[in-house]
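Engineer: Below is the structure I would like to discuss, written out as structure tokens.
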Amino acid sequence: MDLSTLLKPTPPRCTSSLVICGGTGDLARRKLIPALARLQAAGALPADLHVVLTGRRPLPREDLIRHLQEGAGATTDPLPRRGLEALYERFHYVPLDPNTPGASGPFAEALQAIEGKGAAPARLFYLAIPPEQIGAFLTVLAPFLARDRQTSCPARLLIEKPFGTDLASARVLHRRLQEVADESQILRIDHYLGKEAVQNILALRFANVMFEPVWNRQFIDHVQISFAETIGVGTRAAYFDRTGILRDVVQNHLLQVLCLTAMEPPLSHRPTCIRIEKKKVLAALRPIAAADTPTQTCRGRYARRQRGDGPPLPGYLEEPGIAPDSTTETYAALRVWIDTWRWSGIPFYLRAGKRLSTSLTEIAIIFKEVPGHIFPPEVATGRTTIAPDVLVIRVQPDEGIHLTVQSKVPGMEFRLAPVDLDFSYQESFATYRPDAYERLLLDALHDDDGLFLQHDEIEAAWAFIDPIREGWAREAPARLEEYEAGTEGPAGAAALLAADHRHWRPLTPRSAGRQPHPGNAP
């Protein structure tokens, strides 16, 4: 089966060379090379595409092949290994130290030698590098970007987050990018926007007539957006300790998911129309002032696990590479209000954390309880109210949609119990599903910017996050609440919802069994 029909119907129009700056780094090895290999196995890459990796030091051909194999061999999926074999001859390596004076000239000569003579090359430069190196690489790439700016297929930049560390630095980065490239040449990547389940939020909301009438304050009690990981900081200790979970996950991934969940129907599916509605949501976020962080937020840090069924887990301060006096948070929870007609008075609860009891990302829409229901308490499983319906969009793992409703329990007695109506991508679509990096790489090769961010979206998100960070900086260190690794997070996060007579959905994967209704506390 030719899987290319499930991806893009035509070969990329505007890319002859994909240049991965930082091609020997962790991101390229774990994500980009396997994604390219899968795309090749799916028949989605053009036969004449050059893939150029850069690194600071010379790399013999046999070492390059070994590096590529390490990336594709990290998964049990046979597609990357099969695709990589077909790509070996099109991978090239060029040493590039951006701090070397005059590095642009030799770099251009090396690219021309790889591409050969003929039509002017159309290059996509992927900056898979640490943020502190962006300035030096932009200096090297500036001649390529300026020279091609007026052509039909100009050179383009693909940039990974983080886009600054706060609003001020994000604006500095934007000004620096504008010095070397037009906005149309810049693609800013948030890989969460490439996930199938995240894109399916639009399909669920705007391709099904049953949901739009109830997608508002009249029928929805609150919304929970959760990001949980069982892992600690791993090899990202140096970066994470400077960043924290609020900036690493909430400022980008969760706020983007929030926008898609809460936005008004766009005029069309065109990227411009979708961005307009997302920006309206960001503009409508009620600011959390620095003085309000104690009542509107919770921050925590995982501590050593010494009890329970699992093996001992180190605390955050015990992780290699973490400063002993660190005050970085590994857990953040927020109560967020969107001041629009649709969402007036409806809270959105966001949480993100590391070293939790399970790994999942989901959006849970908690509907209001049935008003004045007709059933006695013994019918409603002992409650005076009926548990609310819940719609869950599972982003990972086991992507799908799960709607929990009330049903009569079979038998002579009339009793109610919650049942799940499930849609699973794996079970419903027995076909190739590109992961986020595959989709975004292919879109970038096609010069399709629909799933990439613009600078004003990023700045609006930072404008919301910065006062929270300022408030946390003013608080006493005791406000950094510790939680045991392998649990569901700090008690303060539960208290955030308990103050509203609500509680979090348990962090339990679907495969572990059905969850109790979260809704309002009984």
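The values are calculated or read from the model by the stated rules, or taken from the named source; none is laboratory data. Computed from a predicted structure; not experimentally measured. Cβ atoms come from the backbone with ideal geometry, glycine included; neighbour counts cover every protein chain shown.
Engineer: Is one or more of the residues making up segment 189-200 within 30 Å of residue 321 (Cα to Cα) and β-branched (Val, Ile, Thr)?
Structural biologist: yes
Engineer: I'm told residue 360 meets every condition in (1) over 20 Å from residue 499 (Cβ atoms); (2) at pLDDT below 95; (3) surrounded by fewer than 20 Cβ atoms within 10 Å (Cβ to Cβ) except one. Can you identify the failing condition by its number?
Structural biologist: So the condition that residue 360 fails would be (3).
Engineer: Could you please give the count of residues in segment 417-467 that are more than 26 Å from residue 174 (Cβ to Cβ) and part of a loop (DSSP other than H, G, I, E, B)?
Structural biologist: 7
Engineer: Continuing with this model, one more query. So which residues in segment 272-302 are part of a helix (DSSP H, G or I) and either touching a Ser or Thr at 6+ places or on another chain (Cβ under 9 Å) or not assigned by TED's automatic domain parsing to the domain that holds residue 479 (or both)?
Structural biologist: 274, 280, 281, 284
Engineer: Within segment 104-123, can one find any residue that is over 25 Å from residue 184 (Cα atoms), among the hydrophobic types (A, V, I, L, M, F, W, C) and surrounded by 20 or more Cβ atoms within 10 Å (Cβ to Cβ)?
Structural biologist: No, the conditions are met nowhere in segment 104-123.
Engineer: Quick check: anything in segment 268-279 in contact (Cβ under 8 Å) with a residue 24 or more places away in the chain, over 23 Å from residue 508 (Cα atoms) and touching a Phe, Trp or Tyr at 6+ places or on another chain (Cβ under 9 Å)?
Structural biologist: Yes, some residue in segment 268-279 is in contact (Cβ under 8 Å) with a residue 24 or more places away in the chain, over 23 Å from residue 508 (Cα atoms) and touching a Phe, Trp or Tyr at 6+ places or on another chain (Cβ under 9 Å).
Engineer: While we're here: Tell me whether segment 70-82 contains one or more residues that are at pLDDT 85 or above and either closer than 21 Å to residue 448 by Cα or surrounded by fewer than 14 Cβ atoms within 10 Å (Cβ to Cβ) (or both).
Structural biologist: no
Engineer: Criterion first (under 26 Å from residue 190 (Cα atoms), modelled with pLDDT of 90 or more, under 24 Å from the mean Cα position of the chain (by Cα) and not hydroxyl-bearing (Ser, Thr, Tyr)) does residue 456 satisfy it?
Structural biologist: Judged against the criteria, residue 456 is a match.
Engineer: Which condition from (1) touching a residue at least 24 places away in the same chain (Cβ under 8 Å); (2) farther than 29 Å from residue 133 by Cα is the one that residue 111 breaks?
Structural biologist: Of everything listed in (1) touching a residue at least 24 places away in the same chain (Cβ under 8 Å); (2) farther than 29 Å from residue 133 by Cα, residue 111 misses just condition (2).
Engineer: If you don't mind, another one. Which residue out of 223, 140, 198, 172 is assigned to a helix (DSSP H, G or I), hydrophobic (A, V, I, L, M, F, W, C) and within 23 Å of the chain's Cα centre (by Cα)?
Structural biologist: Unique residue meeting the criteria: 198.
Engineer: Mind checking which residues of segment 411-440 are of a type in the set (A, V, I, L, M) and either touching a strand residue (DSSP E or B) at 6+ places or on another chain (Cβ under 8 Å) or at positive phi (or both)?
Structural biologist: 416, 417, 419, 421, 440
Engineer: What pairs come out if I take residues in segment 328-353 that are farther than 16 Å from residue 507 by Cα and pair them with residues that are hydroxyl-bearing (Ser, Thr, Tyr) and assigned to a strand (DSSP E or B) whose C-beta lies under 9 Å away, six or more apart or interchain?
Structural biologist: 330/302; 330/483; 334/297; 334/349; 335/297; 335/349; 336/349
Engineer: Let me ask another. Checking residue 165 against (1) crowded, with 16+ Cβ neighbours inside 10 Å; (2) polar (S, T, N, Q); (3) farther than 29 Å from residue 469 by Cα, only one condition comes out false. Which one?
Structural biologist: Of (1) crowded, with 16+ Cβ neighbours inside 10 Å; (2) polar (S, T, N, Q); (3) farther than 29 Å from residue 469 by Cα, only one is false for residue 165: (3).
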